[in-house]
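*Asks:* Pasting in a structure now, in structure tokens, and then I'll have a few things to ask.
The values are calculated or read from the model by the stated rules, or taken from the named source; none is laboratory data. All values derive from a computational prediction rather than experimental measurement. Methodologically, a virtual Cβ is constructed for each residue, glycine included, from the backbone with ideal geometry; neighbour enumeration extends over all protein chains shown. Ligands, DNA and RNA are stripped out before the accessible areas are found, and what is left, the full protein with its side chains, is counted by its heavy atoms. Shrake-Rupley method; radii C 1.70, N 1.55, O 1.52, S 1.80 Å.
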Amino acid sequence: MQEIFDFIERRFPKDSNWTDGNCYYFALILSDRFNGTLYYDVIYGHFVCKIEDKYYDYGGLVNLDKRVLVEWDKFEEYDKLQYHRIVEDVLK
């Protein structure tokens, strides 16, 4: 876990809207670096990265209270309309 915190602090000292608008891209960076899996939080409209058994975003460890997380690779099956809206409005 400390390795992840150190990586975030060292590589991303400035917040470039990593939790508000660019969360998908930050989760993708964490996923690539630490072999994680992207999840979308349906309640907060936020992407996080699962690494081993914990979830992370730019702020570090994510508190899972009141969250509904769906693996991004399976999200289209979960909610096709919302998936396409997210792709169009957030990822493009």
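*Asks:* Whole number in Å², please: accessible area per residue of the chain, 1.4 Å probe, ligands, DNA and RNA not counted.
*Replies:* With all protein chains present, the chain gives 65 Å² per residue.
*Asks:* Given the -39500 (n - 2.57) contribution per DSSP H run of 4+ residues, what per-residue ellipticity at 222 nm results for the chain, rounded to the nearest 500 deg cm²/dmol?
*Replies:* -10000 deg cm²/dmol
*Asks:* Further question on the same structure: For the stretch 34-92, what is the percent of antiparallel DSSP beta bridges, rounded to the nearest 5?
*Replies:* Approximately 100 percent, going by the DSSP bridge assignments.
*Asks:* Then there is this: Pop out the carbon and sulfur fraction of the accessible area of the chain as a percent, whole number, probe 1.4 Å. Working shown, then result.
*Replies:* Numbers: 2700 of 6020 Å².
Here it works out to 45 percent.
*Asks:* Sort L38, L61 by heavy-atom solvent-accessible area, probe 1.4 angstrom, most to least.
*Replies:* Working: L38 20, L61 85 Å².
Result, largest first: L61, L38.
*Asks:* Could you go through the stretch 33-47 in sequence order and give the Karplus-derived ³J(HN,Hα) for each residue, using 6.51 cos²θ - 1.76 cosθ + 1.60 with θ = phi - 60°, rounded to whole Hz, and x for Gly and Pro?
*Replies:* Once θ is set to phi - 60°, the couplings for the stretch 33-47 become 6, 10, 6, x, 10, 7, 10, 10, 8, 5, 6, 9, x, 9, 8 Hz.
*Asks:* Still on this structure, please answer the following. How about the stretch 26-92: which GluC sites (Glu not before Pro) there lie in a loop by DSSP and see at most 13 other Cβ atoms within 10 Å? Write out the running numbers ahead of the final one.
*Replies:* Details: sites: E52, E71, E76, E77, E88; in loops: E52.
Qualifying residues, ordered by number: E52.
*Asks:* Within the stretch 53-83, list the residues whose amide N lies under 20 Å from a label point set 7 Å along Cα→Cβ of F5.
*Replies:* Only 53-65 pass the distance filter.
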